[in-house]
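Notes to accompany the following structure.
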Amino acid sequence: EVQLLESGGGLVQPGGSLRLSCVASGFTFSSYAMYWVRQAPGKGLEWVSFISGSGFNTYYVDSVKGRFTISSDSFKNTLYLQMNSLRAEDTAVYYCAKGTGRVAASHVDFWGQGTLVTVSS
Amino acid sequence: QSALTQPASVSGSPGQSITISCTGTSSDVGGYNYVSWYQQHPGKAPKLMIYDVSSRPSGVSNRFSGSKSGNTASLTISGLQAEDEADFYCSSYTSSSTLVFGTGTKVTVL
């Protein structure tokens, strides 16, 4: 059974940093691209970043480029999202999701339960 | 990359069929047969309902079906049930190798 468990969310001041983690189980972690998707309160889903199964290829939505860094550790089956220079508009539930391809995916098929990031003074 | 366009809300009575549209461009919906649909109940994570335009994951009811014509994809829910009341999001693979989601549709069962 595929399981994705996020952690690391919380309240942070504007300009601050947080690192999100997502521990994966139930599949061969290095064989699939992994995604971070966020959802602002009362809003829709927004793809944020993804990393290939090898960890060599990373992609970001324009609004987080230069501020967020995605990484993965295949030995720990863990996905990370380092978030720096946080802004109020980054406030959202952040979901970890499994892709269906090794390099890029046509869709994501499993989601974690999400972790809430609140950026506020 | 702009979000795909969905109607804000769709409603129907139990037993009826409803259809949700999802409009993109030739760089996403129209360019690939990689449209997926997700159901999200309040406070819960999204759940994959349809992938690759019209395929259903194991365990998803055959009351859910998908199709595509040009730059517009559609999700049809037949035999509407109370448990179908939720938000639905479409998603598409894009020419940038990324994913884009739709604006979301709230389905109400009257």
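The values are calculated or read from the model by the stated rules, or taken from the named source; none is laboratory data. All values derive from a computational prediction rather than experimental measurement. Cβ coordinates were reconstructed from backbone atoms using ideal geometry, including for glycine residues, and neighbour counts include every protein chain displayed. Just the protein is used for accessible areas: all its heavy atoms, side chains included, with ligands, DNA and RNA removed. Shrake-Rupley method; radii C 1.70, N 1.55, O 1.52, S 1.80 Å.
Note on chain B: GNM, Cα springs under 10 Å; of B:PRO42, B:PRO57, B:PRO14, the largest mean-square fluctuation is that of B:PRO42. Per the accessible-area calculation with a 1.4 Å probe, the total area buried between chain B and chain A rounds to 1500 Å². Over all pairs of different C-alpha atoms in segment A:49-121, the reciprocal of the mean inverse distance, the Kirkwood hydrodynamic radius, equals 13.3 Å.
Taken one residue at a time, the phi angles of segment A:32-42 give Karplus couplings (6.51, -1.76, 1.60, θ = phi - 60°) of 9, 5, 10, 10, 10, 10, 10, 9, 5, x, x Hz. Gly and Pro are set to x. Taken residue by residue and averaged, Cβ atoms of other chains lying within 10 Å of the Cβ of A:37-48 number 4. When its C-alpha radius of gyration is set against 2.2 N^0.38 Å (N residues), the protein assembly as shown gives a value of 0.99.
Using the 1.4 Å probe convention, the accessible area of chain B works out to 43 Å² per residue with neighbouring protein chains retained. As a ratio to 2.2 N^0.38 Å, the alpha-carbon radius of gyration computed for segment B:36-84 takes the value 1.15. Computed from backbone phi, the HN-Hα couplings of segment B:100-110 come to 10, 9, x, 6, x, 10, 8, 9, 10, 9, 6 Hz, rounded to whole numbers (Karplus: 6.51 cos²θ - 1.76 cosθ + 1.60, θ = phi - 60°; Gly and Pro given as x). Restricting the calculation to Cα atoms, chain B shows an Rg/Rh of 0.95 when the hydrodynamic-style radius is the Kirkwood one. Please work out the Kirkwood hydrodynamic radius for segment A:1-73, using every pair of different C-alpha atoms, and report it in angstroms with one decimal place. That comes to 13.7 Å for segment A:1-73. For segment B:44-52, putting each phi into the Karplus relation 6.51 cos²θ - 1.76 cosθ + 1.60 with θ = phi - 60° gives couplings of 10, 6, x, 10, 5, 10, 9, 9, 6 Hz, in residue order, rounded to whole numbers and with x for Gly and Pro. Cα centroids of segment A:87-121 and segment B:1-52: 18 Å apart.
Sorting A:48-60, A:65-77, A:102-114 by average packing, meaning the other beta carbons within 10 Å per residue, from highest down gives A:102-114, A:48-60, A:65-77.
Taking only protein heavy atoms and a 1.4 Å probe, the accessible area of segment B:49-105 is 37% carbon and sulfur.
Amide H to amide H distances under 5 Å link B:GLN16 with B:LEU80, where only residues 5 or more positions off or on other chains count and H is placed in the peptide plane.
Summed over the residues of chain A and divided among them, the accessible surface reaches 45 Å² per residue at a probe radius of 1.4 Å.
Within a straight-line Cα-Cα reach of under 29 Å, A:LYS65 can be paired with the following lysines, leaving aside sequence neighbours fewer than 8 residues apart in one chain: A:LYS43, A:LYS76, A:LYS98, B:LYS44, B:LYS47. In segment B:67-110, the residues whose accessible area drops by at least 40 square angstrom when the other protein chains are added to the isolated chain are B:TYR89, B:SER97, B:THR98, B:LEU99, B:PHE101; the probe is 1.4 Å and only protein heavy atoms count.
In segment A:102-121, the residues that give up 20 Å² or more of accessible area when the other protein chains are added, compared with the chain on its own (1.4 Å probe), are A:ALA104, A:ALA105, A:SER106, A:HIS107, A:VAL108, A:ASP109, A:TRP111. Counting only other chain Cβ atoms within 10 Å of each residue's Cβ, the peptide B:23-35 averages 1.
Rolling a 1.4 Å probe over the protein heavy atoms of segment A:45-101, with every protein chain left in place, gives an accessible area that is 48 percent carbon and sulfur.
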